[in-house]
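What follows is a single structure, written as structure tokens, with notes after it.
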Amino acid sequence: PPEDTAKDEL
Amino acid sequence: MNIFRLGGDMLHVVSIFLLLLKIQTSHSCAGLSLKTQILYMVVFSTRYLDLFFTKPWHSALTFYNTIMKILFLSSSAYTIYLMQKRYKHTYDKVHDTFRIQYLIAAAAVLALIFHLRLTVFEILWAFSVFLESVAILPQLFLLQETGEVENITSHYIFCLGGYRTLYIFNWVWRYFTEHRRNQWLAWGCGTVQTLIYADFFYYYILSRKQGKKLRLP
């Protein structure tokens, strides 16, 4: 599944 | 990483730097809400649990994120230490009365209802996102109570507001450049948070123009 974009943010 | 995200993060670092500079140079934490700082500490420590599971050297981005997460956690703890121990006598305890237990409870309930996957990690992550969106409220409440907006305190809030605004641009940018799952939870809460800052700036500028005390509705 595609990763969440917000998880690699702060 | 895009220019909006990087700019936003840098403004966040500047805001923390300004806060610590204010406390250290004036030897006082007057006008600052300890409750907001405690909320940020809770936000960071529930969101950055992945520090225990992620290899910092996995990629350039994880390395950058790891450094920033440690910086936010440690500066937040240091700010609380300064306010609660070293400059405790200057802390405006009488006016800093916002009931943060309600904010924490509301964020917890929302996180239990709205999360992406049913895991402890995901629920805590959602909790941190909900809580961050309202974490500045005790600080705004304190400013309203005292009516005084010191320049450096307002610069601190302006930087945080700028950081949130740049994050919205970052999300728009990522929406069009990346084909990944949309993060409705972070977007929604982030937008609410930015609107709170925008609302503050509006009344701040209004009160400056009229030369009156700050009045938030």
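Checked against the criterion of being touching a Gly at 6+ places or on another chain (Cβ under 6 Å) and crowded, with 20+ Cβ neighbours inside 10 Å, the candidates B:Tyr156, B:Tyr163 yield just one match: B:Tyr163. Among the residues of region B:87-96, those identified as assigned to a loop (DSSP other than H, G, I, E, B) and either farther than 15 Å from B:Lys22 by Cβ or among the basic types (Lys, Arg) (or both) are B:Lys93, B:Val94, B:His95, B:Asp96. The single condition among (1) surrounded by fewer than 17 Cβ atoms within 10 Å (Cβ to Cβ); (2) touching a His at 6+ places or on another chain (Cβ under 9 Å) that B:Leu142 does not meet is (1). Residues of region B:98-110 being loosely packed, with under 14 Cβ neighbours inside 10 Å and not in a helix (DSSP H, G or I), which ones? The one that is loosely packed, with under 14 Cβ neighbours inside 10 Å and not in a helix (DSSP H, G or I): B:Arg99. Residues in region B:22-52 that are buried (at least 16 other Cβ atoms within 10 Å of the Cβ) and aromatic (Phe, Trp, Tyr): B:Tyr40, B:Phe44, B:Tyr48.
Inspection of region B:63-86 finds a residue satisfying the criterion of being among the hydroxyl-bearing types (Ser, Thr, Tyr), part of a helix (DSSP H, G or I), within 11 Å of chain A (Cβ to nearest Cβ) and under 20 Å from the mean Cα position of the chain (by Cα).
For region B:124-211, give me every one of the helices (runs of 4 or more DSSP H) that falls completely inside it and has 1 or more residues that are closer than 19 Å to A:Thr5 by Cα and under 20 Å from the mean Cα position of the chain (by Cα). Those helices (runs of 4 or more DSSP H) span B:151-177, B:184-210.
Bear in mind that the values in this text are calculations on the coordinates, not laboratory data. Fair warning: this is a prediction, and the values are worked out from it, not measured in the lab. Here Cβ is always computed from backbone atoms with ideal geometry, including for glycine, and neighbour counts include all displayed protein chains.
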